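**Student:** Okay, here's the structure, questions in a sec.
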Amino acid sequence: MKLAFKKAMQELFYKPKILLLSLGAVLFSFAGMALANPIIELPQSSNLFKLILSSSFAIVFGCLCFFLHRLNKRLQNNIKAHKTTEKMMSKLSSAVTNSGASIVITDQNGIIEYVNQKFCSMTGYEATETINKPINILRPNSDEFKNEPCILDSQYLLKQDSWEGEMLCSKKDQSEFWNAVTISAVFDSENNISNYVLSAVDVTALKQANKQMENLALFDSLTGLANRRLFIERLHSSVLNARRHKKMTALFFLDLDQFKRINDTLGHQAGDQLLLTIADRLKTCVRSQDTVARLGGDEFTILLNDISEVESIQSIAKNILVTLKEPIKLGKHEIIISTSIGITLSPNDSINSETLMKNADLALYMAKENGRDGYHFFTEALNIRANKLLETENELRDAIKHGDFYLNYQPQINLKTGEIASVEALIRWKHPTKGEISPYEFIPVAEETGLIVQIGQWVLRQACMEIQELNNLSGKSLRVAVNLSSRQFEDPELVSIVGKALSDSGLQAENLELEVTESMLMNDMNSAIEQLNRIKSTGSTLTIDDFGSGYSSLSYLKSLPVDTLKIDQSFVYDIPEDLNAMEIASAVIAIAHKLNLRVVAEGVENIDQRDFLVINGCDYAQGYFFSRPLSCVQMHAFFESCERHSA
């Protein structure tokens, strides 16, 4: 009973409305009883009754005021919150309406409920033309997308909580454009999708620029055939595929006999027309899965994939010789031109793309020596090469043991100041009996046998120690660039090896540049980015070497944690004769600077190349025009000589 009474009193105390009504009821009941029952006589002199009655009215009035005060305060808070919300909603509405991105809001079924002004200017639709229409009005009508699932289809959209990517869309006039699109679902209070919000940015210009860059870098500007870079990439893939499926890959090198005579006699325009005709004829001699490429001049290559029998290769070679010898009309002249073909096979002759190219070139030379207008297989050099590999491998192991390697350094010149800013470490091998051996001879063997990892670690340690010693003697702060092989790059211990080389030598981390090639990154981009980030954690800088020599992945370049791009020397070599090479080089420099990357050009051999790079804003350059590779002692002497001249 006591607990019930206590609970009731708490209810009255904490709820003024209940207290007010209760007191009012008591008061008016009491007063009503007094008025309704005249039998009850109240003493006129009874002050107690008057006191009770006035007190009750006072209590009721006070509670009423308290209740009204609380109600007024709550109302003011609600009004303030409403105004704040309204102001925030106004800001959000303005931001969406005036956004630089196209914004579309649909219901849960993909029916458009709202579009902003940017959407209208981008697509050509008026807002009223899209409201209550399905989102798939933006789907392109191209046949290539007709049977593919598309995020712009309402049924496909319903299966997604979110989506991000690039898509081709259609405008009101049916013209197509590329968008970078982000789609997010909006959920209601019951966690069901109530709406979708689509945000899009037009990336058509970027896609077109990217495609143009790819065409410039991968296709011959005259014939439209694959160029050297694309051909080598496809050759590499074909060799791997042939090994996997136990097939053969055939590589043809073709050279037009006496083409220079025709070009000089009839002129370059006739020569170009001849090359175009030859390119078209070669394409008719192979299958769709094969590749025809032009390496330059009158040199063509053919890549035959998935070959089972050598006889079929001979048949194709004979057909090419016959087809190309058919008369060709060049203006008023009709000419007949013959061809020489060199052929090599993989895996029979080699599984290395570079070696296969050399083999085919040697076979082509043999075909020309045998009287031209024919083909020749590379066969005799196979045993010689195998013995040479084994011999070189054993000699490399001895060289590692006896310390027969040494380093030279190729200076990299700051094109703005003319000073040496950094050097590239280049390994050299002085054989005890054979003398100097070219890196082009022993590096491929080292890579194939795995010795490159051990050799690469020595190069890294030695370069750090020698450059730090040179910096101490000269008072300079030179950077040194060290090339990483693909095996080194994949080594899980690479970061600790780099850290130890820096700590043992005392070289500042920012003075060490590690160079990787595009091909190392493209096989598994995500893993490559993780490894690059681990390398960056050491404080050293990263350079992409030979940029443009493969599939120049511009779409990934912005996500790579690199500091410098090195333009492949094949582009520099053809400057200023090759306009295509000049366009690619200038484009690479411009893109790199947009991404805040430094640019180094290698292979600079004359003043025209140097001047072109300076005009286009290249940061650094290296090559024989500036200096041949120097030993560490020669570098120190060079610096001392410069100081004496400046004094």
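**Student:** Check off (1) in contact with a Leu (Cβ under 6 Å, 6 or more places away or on another chain); (2) β-branched (Val, Ile, Thr); (3) under 19 Å from LEU630 (Cα atoms) for VAL516 and give me the number that stays unchecked.
**Tutor:** Of the numbered conditions (1) in contact with a Leu (Cβ under 6 Å, 6 or more places away or on another chain); (2) β-branched (Val, Ile, Thr); (3) under 19 Å from LEU630 (Cα atoms), the odd one out for VAL516 is (3).
**Student:** (1) open to solvent by less than 50 Å² (accessible area, probe 1.4 Å); (2) touching a helix residue (DSSP H, G or I) at 6+ places or on another chain (Cβ under 7 Å); (3) over 15 Å from GLU424 (Cα atoms): which one isn't true of GLU602, the others all being true?
**Tutor:** It fails just one condition, (3).
**Student:** Among the residues of region 437-448, are any surrounded by 21 or more Cβ atoms within 10 Å (Cβ to Cβ), at negative phi and part of a helix (DSSP H, G or I)?
**Tutor:** yes
**Student:** Starting from residues that are among the polar types (S, T, N, Q) and open to solvent by less than 20 Å² (accessible area, probe 1.4 Å), keep the ones in region 224-238 and report whichever is nearest to GLU583 (Cα to Cα).
**Tutor:** ASN227
**Student:** Still on this structure: Out of (1) among the basic types (Lys, Arg); (2) without any contact (Cβ under 8 Å) to a residue 12 or more places away in the chain; (3) over 14 Å from ALA250 (Cα atoms), the odd one out for ARG294 is which?
**Tutor:** Failing condition for ARG294: (2).
**Student:** Then there is this: Could you tell me whether TYR196 is at pLDDT below 80 and hydroxyl-bearing (Ser, Thr, Tyr)?
**Tutor:** no
**Student:** Considering only residues of region 605-628 that are more than 24 Å from the chain's Cα centre (by Cα), touching a residue at least 40 places away in the same chain (Cβ under 8 Å) and open to solvent by less than 30 Å² (accessible area, probe 1.4 Å), which is farthest from PHE571 (Cα to Cα)?
**Tutor:** SER627
**Student:** While we're looking at this one, here's another question. Taking THR284, is it within 30 Å of ARG243 (Cβ to Cβ), open to solvent by 30 Å² or more (accessible area, probe 1.4 Å) and free of Cβ contacts under 8 Å to residues at least 40 places away in the same chain?
**Tutor:** On the way: within 30 Å of ARG243 (Cβ to Cβ): yes; open to solvent by 30 Å² or more (accessible area, probe 1.4 Å): yes; free of Cβ contacts under 8 Å to residues at least 40 places away in the same chain: yes.
Yes: the conditions hold for THR284.
**Student:** While we're on this one: Just wondering, is there one or more residues in region 198-209 that are in contact with a helix residue (DSSP H, G or I) (Cβ under 8 Å, 6 or more places away or on another chain), open to solvent by 30 Å² or more (accessible area, probe 1.4 Å), farther than 16 Å from ILE591 by Cβ and without any contact (Cβ under 8 Å) to a residue 60 or more places away in the chain? Don't jump to the end; show me each part of the working.
**Tutor:** The initial filter retains those residues of region 198-209 that are in contact with a helix residue (DSSP H, G or I) (Cβ under 8 Å, 6 or more places away or on another chain), namely 198, 200, 202.
From what's left, open to solvent by 30 Å² or more (accessible area, probe 1.4 Å): 202.
From what's left, farther than 16 Å from ILE591 by Cβ: 202.
Imposing the further condition that a residue be without any contact (Cβ under 8 Å) to a residue 60 or more places away in the chain reduces the set to none.
No - not one qualifying residue is present in region 198-209.
**Student:** Right, next: Got a sec? Which of LEU75, LEU92 is at pLDDT 75 or above, more than 20 Å from LYS172 (Cα to Cα) and open to solvent by 70 Å² or more (accessible area, probe 1.4 Å)?
**Tutor:** Result of the check over LEU75, LEU92: LEU75.
**Student:** Look at GLY418 and say whether it is closer than 30 Å to ARG610 by Cα and free of Cβ contacts under 8 Å to residues at least 60 places away in the same chain.
**Tutor:** Taking the combined requirement at face value, the residue satisfies it.
**Student:** Out of the residues in region 244-281 that are open to solvent by 40 Å² or more (accessible area, probe 1.4 Å) and of a type in the set (Asp, Glu), state the one that is farthest from LEU345 (Cα to Cα).
**Tutor:** Among those residues, the one meeting the criterion is ASP264.
**Student:** List the number of the failed condition for ILE437; all other conditions in (1) free of Cβ contacts under 8 Å to residues at least 40 places away in the same chain; (2) in contact with a Pro (Cβ under 9 Å, 6 or more places away or on another chain); (3) within 18 Å of ASN483 (Cβ to Cβ) hold.
**Tutor:** (2)
**Student:** Is there a residue being open to solvent by less than 80 Å² (accessible area, probe 1.4 Å) and among the hydroxyl-bearing types (Ser, Thr, Tyr) anywhere in region 417-425?
**Tutor:** Yes; the residues of region 417-425 include at least one that is open to solvent by less than 80 Å² (accessible area, probe 1.4 Å) and among the hydroxyl-bearing types (Ser, Thr, Tyr).
**Student:** Which one is surrounded by the fewest Cβ atoms within 10 Å (Cβ to Cβ) among residues in region 287-302 that are within 20 Å of ASP373 (Cα to Cα) and of a type outside the set (Gly, Ala, Ser)?
**Tutor:** Here the answer is GLU299.
**Student:** Take region 323-381 and flag every residue that is within 22 Å of ARG294 (Cβ to Cβ), open to solvent by 70 Å² or more (accessible area, probe 1.4 Å) and β-branched (Val, Ile, Thr).
**Tutor:** ILE336
**Student:** Inspect all residues belonging to region 475-483 and state whether any of them is at positive phi and open to solvent by 50 Å² or more (accessible area, probe 1.4 Å).
**Tutor:** The answer is yes, given that some residue of region 475-483 is at positive phi and open to solvent by 50 Å² or more (accessible area, probe 1.4 Å).
Rundown of residues vs (1) at pLDDT 90 or above; (2) among the hydroxyl-bearing types (Ser, Thr, Tyr); (3) touching a helix residue (DSSP H, G or I) at 6+ places or on another chain (Cβ under 6 Å), yes/no style:
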{"residue": "ALA250", "(1), (2), (3)": "yes, no, yes"}
{"residue": "PHE259", "(1), (2), (3)": "no, no, no"}
{"residue": "ILE262", "(1), (2), (3)": "no, no, no"}
{"residue": "ASP272", "(1), (2), (3)": "yes, no, no"}
{"residue": "LEU275", "(1), (2), (3)": "yes, no, no"}
{"residue": "VAL286", "(1), (2), (3)": "yes, no, no"}
{"residue": "ARG294", "(1), (2), (3)": "yes, no, no"}
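**Student:** Could you count how many residues in region 456-504 are outside any helix (DSSP H, G or I) and in contact (Cβ under 8 Å) with a residue 12 or more places away in the chain?
**Tutor:** Total satisfying the criteria: 12.
**Student:** Given ALA242, ALA270, which one is of a type in the set (Gly, Ala, Ser) and touching a Pro at 6+ places or on another chain (Cβ under 8 Å)?
**Tutor:** ALA242
**Student:** Continuing with this model, one more query. Just to be sure I understand, how many residues within region 563-599 are modelled with pLDDT under 90, assigned to a loop (DSSP other than H, G, I, E, B) and open to solvent by 40 Å² or more (accessible area, probe 1.4 Å)?
**Tutor:** Total satisfying the criteria: 5.
The values are calculated or read from the model by the stated rules, or taken from the named source; none is laboratory data. It should be emphasised that the depicted structure is a prediction, and the values quoted were computed from it without experimental measurement. Don't worry about glycine lacking a Cβ; one is built from the backbone with ideal geometry, like all the others, and counts go over all protein chains shown. For accessibility, only protein heavy atoms count, side chains too; no ligands or nucleic acids. Shrake-Rupley method; radii C 1.70, N 1.55, O 1.52, S 1.80 Å.
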